[in-house]
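A quick write-up on the structure given underneath.
Since every read-out is calculated from the coordinates, none of them should be taken as a lab result. Everything quoted here is computed from the prediction, not taken from an experiment. Don't worry about glycine lacking a Cβ; one is built from the backbone with ideal geometry, like all the others, and counts go over all protein chains shown.
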Amino acid sequence: MKCLVCFASWDERERDTCPQCGYDMVGAGANDPARIARARAAFRARSTAYDPGSRVTRWDVVRPWLGLALGFGLFVLWLRACSTGGFLR
């Protein structure tokens, strides 16, 4: 079975509702275009696949770069300490 809202496919013997968006495919009015349009809008509003920028905070973007800078700083400190024979000569 293929969902009319999110276009996911699944075995219709398992369930009647979509496993991804939860739309009831066999309920009354399941093929109503207005109901499908409302369900698509609701699915897009709660899914990050359609607008990932709306849920990614600035801290989520900066955190990997801070980790990379910290790792590089520790590497340089270790390289300096091990190459001189003593600690920060």
*With labels modelled as points extended 7 Å from the Cα through the Cβ direction, what inter-label distance (nm, one decimal) is found for Trp65 paired with Val26?*
5.2 nm
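Summing -39500 (n - 2.57) over the DSSP H runs of n ≥ 4 in the chain and dividing by its residue number, what mean residue ellipticity at 222 nm do you reach, to the nearest 500 deg cm²/dmol?
Working: 2 runs with 40 residues, N = 89.
Computed ellipticity for the chain at 222 nm equals -15500 deg cm²/dmol.
Order the peptides 61-69, 6-14, 18-26 from the highest to the lowest mean number of other Cβ atoms within 10 Å of their residues. Please list the in-between numbers first.
Working: 61-69: 9.8, 6-14: 11.4, 18-26: 16.0.
In decreasing order of mean packing, 61-69, 6-14, 18-26 become 18-26, 6-14, 61-69.
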*Report, to the nearest 10°, how far helix 33-46 tilts away from the longest principal axis of the Cα atoms in the chain, using its own Cα long axis and a range of 0 to 90°.*
20 degrees
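Tell me, rounded to the nearest percent, the portion of alpha carbon pairs in the chain spaced more than 21 Å apart. Walk me through the intermediate numbers first.
On the way: 2285 of 3916 pairs.
Beyond 21 Å sits 58 percent of the P(r) for the chain.
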